[in-house]
Every structure is written in structure tokens, then in C-alpha cells.
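The values are calculated or read from the model by the stated rules, or taken from the named source; none is laboratory data. Owing to the predicted nature of the structure, the values given are computational and were not obtained by experimental measurement. Every residue, glycine among them, receives a Cβ derived from its backbone with ideal geometry; neighbour counts consider all protein chains shown. Calculation scope for accessible area: heavy atoms of the full protein, side chains included, ligands and nucleic acids excluded. Shrake-Rupley method; radii C 1.70, N 1.55, O 1.52, S 1.80 Å.
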Amino acid sequence: MSRKRKQTIAVLLVLVCLIAIIPLFALKGAEFGGSDDAGSQMITEIRGAEYEPWFTPVMEAAIGGELPGEIESLLFCLQTGIGVGVIAFFMGRLVERKKWQDKQL
Amino acid sequence: MSKKEKSIMKLATAFALTFGIVPSAFAMHIMEGYLPVGYCIAWGAVCVPFLIAGFFSIQKTLRENRKAITVLAMSGAFVFVLSSLKIPSVTGSCSHMTGTGLGAILFGPSAVSILGIIVLIFQAVLLAHGGLTTLGANTFSMAIAGPFVSFGIYRLCKALKVNKMAAVFLAATLGDLFTYCVTSFQLALAYPSEIGGVGASAVKFLGVFAPTQLPLAVIEGILTTVIVMTLETYALPELKAIGFTREVK
């Protein structure tokens, strides 16, 4: 990878972190609820009445209540973990392959 | 596409047209049970031909280049990671990205529908995020509409000879934003305002989703660009095989 490209990537990644973190400090005390929930509030507003979902998520039906917050974050982490694991595994192989190929030349 | 594949596609399209005419609606991670039954069925039906096309497309890619499976797996994993990260946004609420742009640019939009639906099922079953009844609508917005826009924009930029990385960035960003536009529209169809109908309602839902999503779409665009840059360096043979990079660097 060229030096210039490495620098570009570093700058871009810093930018990503800034975009993600700034709102947290800029909007002190904001709730940061999900925008999906904001969507359901909007439904209530438009209909002028509380909307009663007609189907409960299978997981909530199975454990007879809402998924505890900690468990939910566990499952989200699991999802991230699976993804990162796959990317890192293949990326590692590709990087090593390139090194090896470069040596051959 | 073989003859058999073609006839299956025709059947699926007919199926979609039959059921899709039922008025339908609620999108990107519309919560479980929030869409009237008719809409759930209709959006589900609309997705079927895309999913089948996606299946054939992946089959074809893999038959031609077995090795492309690594990059395909990485694109799928990319969707997994990005759609699991809830990021705070300027509006004071959180949302997450879709990650479907990468796969759409590399493998074409229909292949991503398969990757997307895997993630959506995972979230619907385990996380009570999105839902099984709204799976069709969510699949349509996140795994079909968004990727098609990404793919279209990428192709357009290529035709206009825009810098490749800028094209990737634009494609991923706008694809992500469009996913949420479709969601707003799907919600609006199911819940039209009393005054102004579907249009007014769509504006309201867009007002909730769009400002939150804008910075996230930019993040998604940047991350997609970064991963494409990295892949171009380390996975050049695969990218050439799937026709993404033609010229030798």
C-alpha cells in the first residue's frame, strides 16, 4: 500500500470517530434512544392513538417479557464479533498472501 | 442464467405481482407487529424475485470464481458489523448503518439481498430488532432498494469518469440514505395522515429518520471507501476476477 494511501485511510478513520463521537459531547443530556422508537412515536402522533403491535417478537414471547438491556447488548456484541472475526480472518490471510507474493517477485 | 433458472424467475415475478398489488408498507427496521398484515405479505412477496435473483447471482459468481467467496464473506461480515453498531447522531437519537453498499458495488445489488436478509433474520429473531412480520418490508428497504441505488450511482459515476473512490463513497452514502427514505415511505403508506394523506405522512417520517441518518450515511460512505482501498491493495486477484478492478495497477 502506498504511503499516501495509508495516510488517507488514517485521516478518514479519524474523521469517522469524530463524526460518531461529537454528538455525544455536543448534545449533553440527550437521551440517544433509537430512531426506530422515534418512528413508532410518530405513528402514534399521526393516528392520534397508541398503536398496539399485533405480533410480539418471538424472543420476547419465548422469555415472556422484554429482552433485558444487558442481554441485548450481549447479542449485539455477538453480531459485531462475528462480523469483525470474519473480516479480520480473511484480511489476515490476504495480507500474508500479498507479502508472500511480493517476495516471490 | 440457465433455462431452468429463468422459469423459476418468471414464476417468482408472477407471484410478486399477484400478492404485491395488495396495498403495502413499514421499512428499515420497522418494529415487529407495526405493519398491518396485508402490507407484511405484500412486501414479503415483492422481495421474493429479488432474493431468487440474488441466489442465482451468487451461485454464478461462485461457479465462475471459487475464490471470490472470501470477498463475498467479507462483504457479508461488513453488513453484520455496520448494522450492529448503534451510533449517536446530531438529533440526539441513535441509529445504525446498513453496510450493504460494499456488496452492491462488488457483487451487484441482487447478491446483497441475500446477505442483508441473513442479518435481518438474525436481528429479528434474537434481538427483537426489526421483526419477522416486518421482515419483508425491512428486506425491501435495506437489502434491495438501498443496494440498487448504490449500484446505480456507482455505475453512473463510472460512466461519468468520476474518481473511483469518490464513486464508492457516494454510492454507499446515498444507498444508506435511500434505505431510510424507503422506510419512511413504507411507513407513510401504512399510516397516511388524516390531512395530506401519504405525502404528508412521508414527510413526517422522513423528518424523523433523515437528519439522524445523514451523518451515519457519511460514516458508512467513508468506511466503505476505506475497505475498498484496503481490498484493492490486498485482494487484487479476487477483485479482478469479479470484474471490479480491470486495469493492473
Q) Given the options B:93, B:150, B:75, which has the most mean-square fluctuation in a GNM of chain B, springs set between C-alpha atoms less than 10 angstrom apart? A) B:93
Q | Global form of segment B:37-174, assessed from the alpha-carbon gyration tensor, a/c cut-off 1.5 | A | oblate
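Normalised radius of gyration for segment B:171-236, please: alpha carbon Rg relative to 2.2 N^0.38 Å, two decimal places.
Taking N as the residue count of segment B:171-236, the ratio is 1.50.
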Q | Protein heavy-atom accessible area occluded, B/A pair - total, 1.4 Å probe, Å² | A | 5500 Å²
Q: About the Cα centre of the protein assembly as shown, how large is the charge dipole given +1 on each Lys and Arg Cβ and -1 on each Asp and Glu Cβ? Please answer in debye to the nearest 20.
A: 2460 debye
Q | chain B: most fluctuating residue of B:232, B:64, B:220 per GNM, C-alpha cutoff 10 Å | A | B:64
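Taking the Cβ of residue A:105 as the center, what net charge do the other residues with Cβ under 12 Å away carry, scoring Lys and Arg +1 and Asp and Glu -1?
Net charge around residue A:105: +2.
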Q) What residue among B:160, B:72, B:231 has the largest mean-square fluctuation in a Gaussian network model of chain B, using Cα springs under 10 Å? A) B:160
Q. Relative contact order of segment B:169-236: what whole-number percent is it, with Cα pairs under 8 angstrom and at least 6 residues apart?
A. 42 percent
Q) If you take the square roots of the eigenvalues of the alpha-carbon gyration tensor of chain B and sort them as a ≥ b ≥ c, do you get rounded (a/c under 1.5), prolate (a/b over b/c) or oblate? A) oblate
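What 222 nm value per residue comes from the helices of the protein assembly as shown, counting each DSSP H run with n ≥ 4 as -39,500 (n - 2.57) and dividing by all residues, nearest 500 deg cm²/dmol?
-24500 deg cm²/dmol
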Q | Net charge contributed by nearby residues that have their C-beta within less than 13 Å of residue B:224 (K/R +1, D/E -1) | A | -2
Q | Length-normalised contact order for segment B:94-249 - Cα pairs under 8 Å, 6+ apart - percent | A | 25 percent
**Q.** Rg over Rh [alpha-carbon atoms, Kirkwood Rh] for the protein assembly as shown
**A.** 0.98
(Q) Once ligands and nucleic acids are excluded and a 1.4 Å probe is used, how much of residue B:238 is accessible, expressed in Å² to the nearest 10? (A) 10 Å²
Q. Among the lysines in chain B, how many pairs, 8 or more places apart or on different chains, have alpha carbons under 24 Å apart?
A. 17
Q: For the protein assembly as shown, give the percent of accessible area contributed by carbon and sulfur heavy atoms, probe 1.4 Å, rounded to a whole number.
A: 69 percent
Q) For chain B, which DSSP H helices look membrane-span-like by this rule: Cα extent along the axis of 18 Å or more and mean Kyte-Doolittle of at least 0.5? A) B:37-64, B:68-82, B:109-126, B:146-159, B:164-190, B:197-234
Q. With every protein chain present, what is the per residue accessible area of the protein assembly as shown (1.4 Å probe, Å²)?
A. 46 Å²
Q: Add +1 for every Lys or Arg and -1 for every Asp or Glu among the other residues with Cβ under 12 Å from the Cβ of residue B:68, and state the total.
A: +3
Q.
Using +1 at the C-beta of Lys and Arg and -1 at the C-beta of Asp and Glu, which of B:149, B:69, B:119 has the Cα lying farthest in the positive direction of the dipole of the protein assembly as shown?
A. B:69
Q | segment B:1-157 - percent relative contact order, Cα under 8 Å, separation 6 or more | A | 30 percent
